[in-house]
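J.: Below you'll find the structure I mean.
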Amino acid sequence: MEKQVWLQHLTWEEVKQKTTKSKGTIILPIGSTEQHGYHLPVGTDTMVANSIAEDAALKADIVVAPPLWFGWSPHHMVLPGTITIRPELLIELVCDIIQSLNRHEFIRFILLNGHRIVNVSWLQIAAERAKRELGVKAVIFDPAYMSKEFDNQFGWGEVGHAEEIESSHMWHCYPELVKMDRAQDNPAHHLRIYHVDPRHAGDTLNYVPSSPSEMELLAKTSGGTAGEPSKASQEGGRKYHEHLVQKMVEVISFLQEETN
């Protein structure tokens, strides 16, 4: 029988055993519910976070907290299915989750962000507060930042939205939910000093969520896609996923080796 890693599937006794065995290490998957073009489900960001968390936790034998399906997504409200939560509320929610788990001896927290750079700013505030007030260890695992070393053999472009990277990852993890025949390309149009992808080598301004007018144009031209999902592949998604899972296992080991 496969090891069970999801907190919500365990009894409290099993949780206590896992806490001790894992040296108090737990993953918190945090994503969003928002439009992802014509071809990907609105739960994409949370689903990919769940997949990374589950596969890494199975390898490392640790627990995964119930996912947070909501993020800060005001710029995606132009299309149906999007739910946006104010970042000040998200900070409080994540801090309460960490505080609850810490009460029961979890002391090492990996905040696994599936919502790209938009979630990072408020997650940094929540993680710092948890470290300062509770004395726990808290790190943010973001796939875009954690795939700088990924050997891209597939000609993928930069991070966008519902582009070839997300499409490949979802195609590997949830093929039954991906409608690649509906995918519409919208190649990136670079501004001189502005790049969203944290892997980009050039100088760049920090990201600010797009305005409603900017997103309305995106919705009209591509159905909400920024990038080239036509370049997606299941094989690429598999290799990308395996890279991220391995990186997560390395992070878990790194945290567990550190003394308090």
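J.: When the stretch 1-43 is examined, which residues are found to be touching a helix residue (DSSP H, G or I) at 6+ places or on another chain (Cβ under 6 Å) and under 30 Å from Thr225 (Cβ atoms)?
T.: Ile27, Pro29, Gly31, Ser32, Glu34, Gln35, His36, Tyr38, His39, Leu40, Pro41
J.: Let me ask something else. Sort through Val159, Val120, Val178 and tell me the only one that's aliphatic (A, V, I, L, M) and in contact with a Leu (Cβ under 9 Å, 6 or more places away or on another chain).
T.: Result of the check over Val159, Val120, Val178: Val178.
J.: Can you name every residue in the stretch 95-114 that is part of a helix (DSSP H, G or I) and in contact with a strand residue (DSSP E or B) (Cβ under 7 Å, 6 or more places away or on another chain)?
T.: Selection gives Ile97, Ile98, Leu101.
J.: Being among the basic types (Lys, Arg), at pLDDT below 95 and surrounded by 14 or more Cβ atoms within 10 Å (Cβ to Cβ) is the requirement here; does Arg199 meet it?
T.: Yes.
J.: Checking Gly37 against (1) surrounded by 21 or more Cβ atoms within 10 Å (Cβ to Cβ); (2) free of Cβ contacts under 8 Å to residues at least 60 places away in the same chain; (3) at positive phi; (4) not hydrophobic (A, V, I, L, M, F, W, C), which test does it fail?
T.: Condition (2) is where Gly37 drops out.
J.: Right, another one. Applying the selection to the stretch 190-217, what residues are in contact (Cβ under 8 Å) with a residue 12 or more places away in the chain and in a helix (DSSP H, G or I)?
T.: Result: Pro212, Glu214, Met215, Glu216.
J.: If Trp171 satisfies every condition in (1) within 24 Å of Thr84 (Cβ to Cβ); (2) not in a loop (DSSP other than H, G, I, E, B) but one, which is the exception?
T.: For Trp171, the failing item is (1).
J.: Moving to a separate point now. How do the pairs read when you match residues in the stretch 1-25 that are over 17 Å from Ile110 (Cβ atoms) with residues anywhere that are surrounded by 13 or more Cβ atoms within 10 Å (Cβ to Cβ), using Cβ under 6 Å and keeping only pairs 6 or more apart or on different chains?
T.: Hits for this filter: Lys3/Leu58; Gln8/Pro66.
J.: Test of understanding: among Glu54, Glu14, which residue is over 18 Å from the mean Cα position of the chain (by Cα) and either charged (D, E, K, R) or modelled with pLDDT under 95 (or both)?
T.: Among Glu54, Glu14, only Glu14 is over 18 Å from the mean Cα position of the chain (by Cα) and either charged (D, E, K, R) or modelled with pLDDT under 95 (or both).
J.: Go over the candidates Val136, Val118 one by one and state the one that is over 22 Å from Glu250 (Cα atoms) and surrounded by 18 or more Cβ atoms within 10 Å (Cβ to Cβ).
T.: Answer to the check: Val118.
J.: Would you confirm whether or not the stretch 174-194 contains a residue that is over 18 Å from Asp45 (Cβ atoms) and among the β-branched types (Val, Ile, Thr)?
T.: yes
J.: Please identify the pairs in which a residue from the stretch 77-105 that is closer than 10 Å to Trp122 by Cβ has its Cβ atom under 6 Å from the Cβ atom of a residue that is part of a helix (DSSP H, G or I), counting only partners at least 6 apart or on another chain.
T.: Pro87/Trp122; Leu90/Trp122; Ile91/Trp122; Ile91/Ile125; Ile91/Ala126; Val94/Ala126
J.: Which residues, taken from the stretch 16-29, are surrounded by fewer than 18 Cβ atoms within 10 Å (Cβ to Cβ) and assigned to a helix (DSSP H, G or I)? Break it down stepwise before answering.
T.: Within the stretch 16-29, the subset surrounded by fewer than 18 Cβ atoms within 10 Å (Cβ to Cβ) is 16-17, 20-21, 23.
Hits for the stretch 16-29 are Lys16, Gln17, Thr20, Lys21.
J.: Which number in (1) under 20 Å from Val178 (Cα atoms); (2) β-branched (Val, Ile, Thr); (3) part of a loop (DSSP other than H, G, I, E, B) marks the one condition that Ile52 misses?
T.: For Ile52, the failing item is (3).
The values are calculated or read from the model by the stated rules, or taken from the named source; none is laboratory data. What you see is a predicted model; the values in this text were computed from it and never measured. Because the Cβ atoms are built from the backbone with ideal geometry, glycine has one as well, and the counts that use them run over all protein chains shown.
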